[in-house]
Amino acid sequence: VGLHKSGFWRPKSLLDTARFTLSFNSRHRKKHQDSRALWKHEAVQKYLETLSKEYQQVSRLLNADSINDFEQRTLRKRSADLSPIAAAFQEIKEAEREVQELEAMCRELDSRDEKQLLELALEEKEALDKKINTLCRKLFQLLVPKEKYDRSHVILEVTAGRTTGGDICQQFTKEMFEMYQNYADYKSWTFDIVNYTPAEIGGLHHAAAHISGDDVYRHLKYEGGTHRVQRIPEMGLSSRMQRIHTGTMSVIVLPQPEEVDVKVDPKDLRIDTFRAKGAGGQHVNKTDSAVRIVHLPTGLAVECQQERSQLLNKEIALRTLRAKLYQQVIEKQLSQEQSARKLQLGTRAQSERIRTYNFTQDRVTDHRISYDARNIKEILSGKEALDKLINRLLEFAEIEAVTEYLENLQALEGGGC
C-alpha cells in the first residue's frame, strides 16, 4: 500500500479519491445501523489495519535521509491525513481490550462480598462502551471525504404545498420556518430573513433566509425535500369533525460559499418593486421597498423585502440569485460525478417525501433512515431533539459512505485488481 514497485512512495487509498453517494434503498444498508456495528465488519478492520501499517511506514520514511524535498512534502501530507485515523483506531483497540478484561473479571466476581466491586466494574464497562461508540463515530468521520460545500453558509427556502384541508400547509410551513430559525439560534448561527410572504390566516406561503455560521450546510443539507404533515386542523369545519388532513411543504437548502463567482448580465434581469407584505413595522405597505428579480434566460425568480431600503433589498436579492445560479453549476457537477447512483438526500431530490410529522400520534418519521422520534413539539422547538435527528442522518450518511467503500473494495478484489 505504501511503496510502489519502483521504490518511491505513493498513497493508494480508495477513500482518498472515491466519490461516495447515498442510496438508502440498497439491501446492504440494513446491515450497519450504527458506527459500532460497522466497526466490527471484517473488511473495515482489515482496511484500518492497512492504514495503520501505512502510517508506521510513512513515519519511518520521513526519518530517512534518502528522500528528496518533494517526497518529504508528500509524505508529510499523507502522515497528517493518516495520523488521526491511526490514533483513533489504536484507541478503540485499547478500549476494547479493557472491556474484555473487565468482562473476564466480572465472570469471576460472583460472591456477595464482591458485589460492590462487580457494580463498579459494570459501571466502568458502560463508560468504556460509550467511549468506544464515540470513537467509532469520530473514526468514520475521519474516513469519509468531506463534501466541498460542507462549511458553506446557506440560503434556506420554505414553501407551502397544497391540501384540501385549507390552511394546514401554511401553518405547518410557518412552524417549520420558525423551527429552523430556532435551530440556528441553538447552533449559534446567524439567521437573516430575506423574504417572508405570510398567508391570510396566520400561516406562511413562502419564506427564505440566509444562514451563516460554522458548518451550516453540513448540518442542513439533508433537510431539503418534501415534508409531510398529518393533523386535525385547529379551525374550521374539519376541526369540528375531528378529521385528519394531510398536507406538505418543501424545503430547499442552497450552499452559498462566501465568494460566489457567478457573472450575471444586467440585460438578463427584470427587476420589479412592490410593497412588502410581511411583518416589519410601520414602513410596511407604505413604500415600494420590496424587490423581485427575474433571471430571464433561466426563469429563476427571487424576492427580498427584509430591509426598508430598496437598494439593500436589491443587493440581497442579487446575492440570492447568484446562489441559485451557482447551485445549478453544483448540480451539473454532481450529476456528472455520480453517474452510478443517485443521491437520495438534500437538494438533489427536492420532490422526495423525506419526513412525516404525525400530530395525532405525536411522532416524526424520517423515511430515509426509518427513524422515529416522539414529541413533535420538541422537534419543532428546533433544539436538542432536532439536533439529535440531524446528527443521526449525518451518522447514517457516514456509514453509507464507508459501506460504499466496502462494496467498491469487494468489486475490485472480485475483479482481480
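The values are calculated or read from the model by the stated rules, or taken from the named source; none is laboratory data. Values in this document were obtained by computation on a predicted structure and should not be read as measured data. Neighbour counts are summed over all protein chains in view; Cβ atoms, including those assigned to glycine, are modelled from backbone coordinates with ideal geometry. The accessibility values were calculated without ligands, DNA or RNA, using every heavy atom of the protein model including side chains. Shrake-Rupley method; radii C 1.70, N 1.55, O 1.52, S 1.80 Å.
Given the structure, is Ala160 touching a Gly at 6+ places or on another chain (Cβ under 9 Å), open to solvent by less than 50 Å² (accessible area, probe 1.4 Å) and not assigned by the TED database to the domain that holds Arg322? Yes; evaluated as a whole, the condition is true for this residue. The test for being within 23 Å of Lys46 (Cα to Cα) and part of a helix (DSSP H, G or I) holds for Ala95. Every listed requirement among (1) closer than 30 Å to Tyr217 by Cβ; (2) of a type outside the set (D, E, K, R); (3) open to solvent by 60 Å² or more (accessible area, probe 1.4 Å); (4) assigned to a loop (DSSP other than H, G, I, E, B) is met by Ser66 save one, (1). Just to be sure before I move on: is Ser52 of a type in the set (Gly, Ala, Ser), open to solvent by less than 50 Å² (accessible area, probe 1.4 Å) and at pLDDT below 90 in the structure I sent? So Ser52 fails the test. Tell me whether segment 191-202 contains one or more residues that are within 16 Å of the chain's Cα centre (by Cα) and open to solvent by 20 Å² or more (accessible area, probe 1.4 Å). No, segment 191-202 contains no residue that is within 16 Å of the chain's Cα centre (by Cα) and open to solvent by 20 Å² or more (accessible area, probe 1.4 Å).
In the set (1) open to solvent by less than 20 Å² (accessible area, probe 1.4 Å); (2) under 19 Å from the mean Cα position of the chain (by Cα); (3) at pLDDT 90 or above, Lys383 fails one condition alone, (1). Just a yes or no: is a residue in segment 295-307 within 19 Å of Phe274 (Cβ to Cβ), in contact (Cβ under 8 Å) with a residue 24 or more places away in the chain and assigned to a helix (DSSP H, G or I)? Taking every residue of segment 295-307 in turn, none turns out to be within 19 Å of Phe274 (Cβ to Cβ), in contact (Cβ under 8 Å) with a residue 24 or more places away in the chain and assigned to a helix (DSSP H, G or I).
For segment 164-185, a residue qualifies if it is open to solvent by 40 Å² or more (accessible area, probe 1.4 Å) and of a type in the set (Ser, Thr, Tyr), and exactly one does: Thr164.
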